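Structure, as structure tokens:
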Ligand SMILES: [Zn+2]
Ligand SMILES: [Zn+2]
């Protein structure tokens, strides 16, 4: 599914015109693909050295080490942990990140039951060592996730999960879309809390209204753009 093999870290560097004294202040997005679901974990950072970790799917020790090594190598300070939604593949590394960096976990309130349910079904997928993490606060539409010189607005995009959020930076033309919109695909709606009409509405009213040249960083598979999906997505076409 993913064009990024496990163990590879892809870093996207922001627009150079915003660099200041050779210090890039624009958002940079590193992607690591973890666990058998090939989930994309993102580290968002900028020239301030601060970073936010989104959906840490690391489970095996070597996956945890890969995330940790990236943070260390880039001398980043982790300031927040957020989940787009709380399916097992996106939350496996939550407790590892909390323990390693002492940061709080933030999710949408409506996905708290989804997070609580993970402990009961994680062993069915072979994740016998899953450690549940406590939620420290909630993300709401209209709010923002900010660190260093970067601010991302929170979009509420239910349908794949009841409390699904996406993170959008207009300045950086970037959208962290979780499992709502993929390269020529959309999130499944047959899981508990999923609803097709709601997902389609989220995509049309919250995502397809963004500029066409917005890069979409999904929870699985390769990057895409709003314009490309509006033209070619087989499930939701503009
Ligand atoms: Zn999901
Ligand atoms: Zn997923």
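Computed from the coordinates by the stated procedures, all read-outs in this text should not be read as laboratory data. Predicted model, so just to flag it, every value in this text is computed and none were measured. Cβ coordinates were reconstructed from backbone atoms using ideal geometry, including for glycine residues, and neighbour counts include every protein chain displayed.
Results, tabulated for the structure shown:
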item: Average Cα contact separation per residue, the chain, under 8 Å, 6 or more apart, as relative contact order %; result: 15 percent
item: GNM flexibility winner over the chain from 211, 192, 162 (Cα, springs under 10 Å); result: 192
item: Estimated distance in nm for a label pair at residue 68 and residue 117, the labels positioned 7 Å out from Cα along Cα-to-Cβ; result: 3.2 nm
item: Percent of beta bridges antiparallel (DSSP, the chain, rounded to nearest 5); result: 70 percent
item: Whether the stretch 78-122 is rounded, prolate or oblate, judged on the alpha carbon gyration tensor where a/c under 1.5 counts as rounded; result: oblate
item: Candidates 103, 180, 209: whichever shows maximal mean-square fluctuation once the chain is modelled as a Gaussian network with Cα springs under 10 Å; result: 209
item: Span from the the stretch 141-180 Cα centroid across to the the stretch 71-106 one, whole angstrom; result: 16 Å
item: Global geometry of the stretch 10-232, whether rounded, prolate or oblate, following the gyration tensor of its Cα atoms and the 1.5 cut on a/c; result: oblate
item: For the stretch 90-212: rounded, prolate or oblate by the Cα gyration tensor [a/c cutoff 1.5]; result: oblate
